[in-house]
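*Asks:* One structure follows; several queries about it will come next.
The values are calculated or read from the model by the stated rules, or taken from the named source; none is laboratory data. These numbers were taken from a predicted model, which means no experiment stands behind them. All Cβ positions, glycine included, derive from the backbone under ideal geometry; neighbour counts span all protein chains shown. Just so you know, the surface numbers come from the protein's heavy atoms only, side chains and all, with ligands and any DNA or RNA stripped out. Shrake-Rupley method; radii C 1.70, N 1.55, O 1.52, S 1.80 Å.
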Amino acid sequence: MSEIFSDVLPIFLLILVGWLIVRAGILTASVGEAMSEFVFKIAVPLLLFQTIAGAHFHGASPFRLWIAYFAGVAVAWTAGHLAATRLFGRDARIGVLAGVSSAFANNTFIGLPLVSRVVGPDGIVALSILIAVHLPVMMIAGTMLMEQAERKANGGSGRSAGELLHQVGRNLVRNPLVIGLVAGLVVHLIGIPLPATLGSVVDSIANTAGPAALISLGMALRQYGLSGNLGIASVTSAFKLLLLPACVLSAGYLLGLSSQWREAIVLTAAVPTGVNAWLIANRFGVGHSLAASTITLTTALGVLSVSLWAYMLG
């Protein structure tokens, strides 16, 4: 267990470093925002490109991986929604946000460096395959469910499903992660290696993705904090850190995933809630404190939960 903890702890110490940099006034939060832009638009897309372009899939199908992960997402999301609406008596909009907070993993900023460190190259391949559909599925589901809840709250007014899908689709086509994945897949299918000099540049930038992502996330945490709704946030945090990975692990066994792929998706399921929960709350103007508190709680407790799951996975 101590060896596992020593593998996991540096991931969260880098987040703490980012938080301390802003807390001590060494750099401002705006610097962290600029760094996260670099990570999201440049470093991580190149990491995904590098991974997919040189991957060896050995005939493995992605569908079992997707089914295993999103089966867990469905359970955790539903549990979060029901807890908010039935147990705490909140409206449907808070229910949707509770579901998002319970099921939306930060697989780009924390999952990728964690899986790279603990599982290795095969784990990165599995996580890249998951990331290819994770953001589209989660954002479409979250946006459409929130729009439906908004229509109920506003007496039926709101955008149609077609308008929503058009907007989300347009955003995804321009998403740097999607572009990096597609470009990597094209290079993989063509089978022509990159020139050595260009490949060295891509490798150098891709290698900065993990540390830069974690530090920038820590710098951004100053804007969240614990700001009410601690009862619901405690429940959504438990669903995110415990229920989601437990369901993904069970589904992975039932579907016969390889040990490396199973470890990769369980570990990324166990990481803290992603900032996308905050973005959805900000877009619809509801549930900011719930999203912020869940992000903060899961990040604070993440080193323990991830270490526990890594230990259970052997």
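*Asks:* Just to verify a result, which residue in the range 55-84, among those that are buried (at least 19 other Cβ atoms within 10 Å of the Cβ) and more than 20 Å from the chain's Cα centre (by Cα), is nearest to residue 107 (Cα to Cα)? Show your work before the answer.
*Replies:* Of all residues in the range 55-84, those buried (at least 19 other Cβ atoms within 10 Å of the Cβ) come to 55, 65, 68-70, 72-73, 75-77, 79-81, 83-84.
Remaining after also requiring more than 20 Å from the chain's Cα centre (by Cα): 55, 83-84.
Working: 55: 19, 83: 24, 84: 24 Å.
Top of the filtered list is 55.
*Asks:* Can you tell me which of (1) under 19 Å from residue 18 (Cβ atoms); (2) of a type outside the set (Ser, Thr, Tyr); (3) open to solvent by less than 40 Å² (accessible area, probe 1.4 Å) is the one residue 265 doesn't meet?
*Replies:* (1)
*Asks:* A follow-up question, please. Pick out the one residue from 235, 275 that is modelled with pLDDT of 95 or more and either open to solvent by 10 Å² or more (accessible area, probe 1.4 Å) or of a type in the set (D, E, K, R) (or both). Steps first, answer last, please.
*Replies:* Values: 275 fails: modelled with pLDDT of 95 or more.
Just a single option satisfies the conditions, and that option is 235.
Let's see how each residue does on (1) without any contact (Cβ under 8 Å) to a residue 40 or more places away in the chain; (2) open to solvent by 60 Å² or more (accessible area, probe 1.4 Å); (3) under 20 Å from residue 140 (Cα atoms):
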residue: 24; (1), (2), (3): yes, yes, no
residue: 46; (1), (2), (3): no, no, no
residue: 53; (1), (2), (3): no, no, no
residue: 102; (1), (2), (3): no, no, yes
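*Asks:* Which one of these is in contact (Cβ under 8 Å) with a residue 24 or more places away in the chain and over 27 Å from residue 85 (Cβ atoms): 293, 237, 307, 289?
*Replies:* Details: 293 fails: over 27 Å from residue 85 (Cβ atoms); 237 fails: over 27 Å from residue 85 (Cβ atoms); 289 fails: over 27 Å from residue 85 (Cβ atoms).
Answer to the selection: 307.
*Asks:* Of these, 31, 44, 22, which one is part of a helix (DSSP H, G or I) and under 17 Å from the mean Cα position of the chain (by Cα)?
*Replies:* Details: 31 fails: under 17 Å from the mean Cα position of the chain (by Cα); 22 fails: under 17 Å from the mean Cα position of the chain (by Cα).
Being part of a helix (DSSP H, G or I) and under 17 Å from the mean Cα position of the chain (by Cα) holds for just one of 31, 44, 22, which is 44.
*Asks:* Mind checking which residues of the range 235-253 are under 14 Å from residue 301 (Cβ atoms) and among the small types (Gly, Ala, Ser)?
*Replies:* Listed by number, the residues that qualify are 237, 238.
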